[in-house]
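The values are calculated or read from the model by the stated rules, or taken from the named source; none is laboratory data. Predicted model, so just to flag it, every value in this text is computed and none were measured. FYI the Cβ positions are ideal-geometry reconstructions off the backbone, even for glycines, and counts take in every protein chain you see.
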Ligand SMILES: NC(=O)c1ccc[n+]([C@@H]2O[C@H](COP(=O)([O-])OP(=O)(O)OC[C@H]3O[C@@H](n4cnc5c(N)ncnc54)[C@H](O)[C@@H]3O)[C@@H](O)[C@H]2O)c1
């Protein structure tokens, strides 16, 4: 496989590249990434000398460069992670960037797939459960692949729009495209604007950690390694034109994950500062993954061993001081922009 990974310098993309290179040392992997504030080549430092890995700096909205890369590298599979991904940024003034990258960028990739049908065997478009909107906190409902799209943030709206473009290109041009909807990821290499690394780094500096609203919002947490092995399965064995939900049956209240982090770091609840809720804050996400599970997929980290996965993750941020320092040094402005 000659695989093009867009957004491979980000959190999930870099976890996915590590996973794939280890499992399929003979595959050629091209990481195509614009290196926005969220892109970080330090995530892939260990692969610099790997002859089957190559980085290309580029924007997914740049039709010419992207198509040239695909042609030159003889790419036959594409997996699309590149996106503006932080909900808070989409609320606090950067919504246009979300439309440009998430919608226009996806449509650019689809055009390239359409115009290179003989060469490209499959595109996996990585999306989110946030497109489905919010569930009732006390209900038992879960999002299925046929749940309606009801996005509540500009981020979710841009991802929903990109998913609909995928659907339209499948229906109109019969393209080999798969769309995935995954729940909240955790693991190493996550830009510290997102909850888990953000809290760990604040606690390391003995600062308070901000919890939105009453902290009762529920998220369905999946380890990035489990997201990666689900995507691996779909890349190889998914059915074109289908959508797949990916989640680990691991629904947890934000306040409970906060307390678990405090405990792991030897802190108490005095370190919590309750802050004004995020506007349009979704109350609950929960994913029904029976479709992908029926293909044999099983997450390594579930509700039973989540604490273990969280502990490893927290320790990763504590132990990778250089990675953290580089981000804080080079991206201080961006970190301050999104911490609201
Ligand atoms: N993080 C989650 O919990 C989660 C859950 C479900 C789905 N997703 C989806 O997974 C994907 C990856 O998420 P993430 O958390 O790794 O994001 P991230 O913000 O950590 O990484 C995004 C990457 O995309 C790159 N990028 C941004 N705009 C680009 C452009 N125009 N052209 C090329 N590269 C560009 C960035 O440089 C960065 O490396 C996204 O599509 C996101 O919507 C994320």
From the list 318, 300, exactly one residue is at pLDDT 95 or above and part of a helix (DSSP H, G or I). Which is it? 318
Suppose we filter 232, 214, 282 for residues that are part of a loop (DSSP other than H, G, I, E, B), surrounded by 17 or more Cβ atoms within 10 Å (Cβ to Cβ), touching a residue at least 60 places away in the same chain (Cβ under 8 Å) and in contact with a helix residue (DSSP H, G or I) (Cβ under 9 Å, 6 or more places away or on another chain); which single one remains? 282
Qualifying positions in the range 78-89 - away from the ligand (no atom under 11 Å from the Cβ) and either in a helix (DSSP H, G or I) or surrounded by fewer than 23 Cβ atoms within 10 Å (Cβ to Cβ) (or both): 88
The conditions are (1) touching a strand residue (DSSP E or B) at 6+ places or on another chain (Cβ under 6 Å); (2) in a loop (DSSP other than H, G, I, E, B); (3) more than 10 Å from the ligand (Cβ to nearest atom), and residue 26 fails exactly one of them. Which is it? (1)
Given the conditions (1) within 16 Å of the ligand (Cβ to nearest atom); (2) outside any helix (DSSP H, G or I); (3) surrounded by fewer than 22 Cβ atoms within 10 Å (Cβ to Cβ); (4) at pLDDT 95 or above, which single one is not true for residue 190? (3)
Within the range 237-254, is there a residue that is assigned to a helix (DSSP H, G or I) and surrounded by 20 or more Cβ atoms within 10 Å (Cβ to Cβ)? no
Among 164, 203, which is the only one that is surrounded by fewer than 22 Cβ atoms within 10 Å (Cβ to Cβ) and either within 19 Å of residue 322 (Cα to Cα) or within 11 Å of the ligand (Cβ to nearest atom) (or both)? 203
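Matching residues to (1) within 26 Å of residue 195 (Cβ to Cβ); (2) modelled with pLDDT of 95 or more:
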site: 10; (1), (2): yes, yes
site: 31; (1), (2): yes, yes
site: 58; (1), (2): no, yes
site: 68; (1), (2): no, yes
site: 83; (1), (2): yes, yes
site: 86; (1), (2): yes, no
For the range 55-67, does any single residue satisfy the condition of being away from the ligand (no atom under 12 Å from the Cβ), touching a helix residue (DSSP H, G or I) at 6+ places or on another chain (Cβ under 7 Å) and either within 23 Å of residue 234 (Cα to Cα) or not in a helix (DSSP H, G or I) (or both)? no
I want to confirm something. Restricting to the range 40-54 and keeping residues that are away from the ligand (no atom under 11 Å from the Cβ) and closer than 22 Å to residue 324 by Cα, which single residue is farthest from the chain's Cα centre (by Cα)? 48
Picking from 246, 261, 272, the residue that is over 30 Å from residue 113 (Cβ atoms) and within 25 Å of the chain's Cα centre (by Cα) would be 261
Residue 75 outside any loop (DSSP other than H, G, I, E, B), away from the ligand (no atom under 11 Å from the Cβ) and crowded, with 20+ Cβ neighbours inside 10 Å: no
I'd like to know if the range 140-147 contains one or more residues that are in contact with a strand residue (DSSP E or B) (Cβ under 7 Å, 6 or more places away or on another chain) and surrounded by 22 or more Cβ atoms within 10 Å (Cβ to Cβ). yes
Being buried (at least 22 other Cβ atoms within 10 Å of the Cβ) and more than 26 Å from residue 98 (Cβ to Cβ) is the filter here, so list the residues in the range 1-42 that pass it. 20, 29
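For (1) assigned to a loop (DSSP other than H, G, I, E, B); (2) more than 14 Å from the ligand (Cβ to nearest atom); (3) farther than 19 Å from residue 252 by Cα, each residue gets a yes or a no:
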position: 120; (1), (2), (3): yes, yes, yes
position: 126; (1), (2), (3): no, no, yes
position: 130; (1), (2), (3): no, no, no
position: 135; (1), (2), (3): yes, yes, no
position: 138; (1), (2), (3): yes, yes, no
position: 148; (1), (2), (3): yes, yes, yes
position: 152; (1), (2), (3): yes, yes, yes
position: 160; (1), (2), (3): no, no, yes
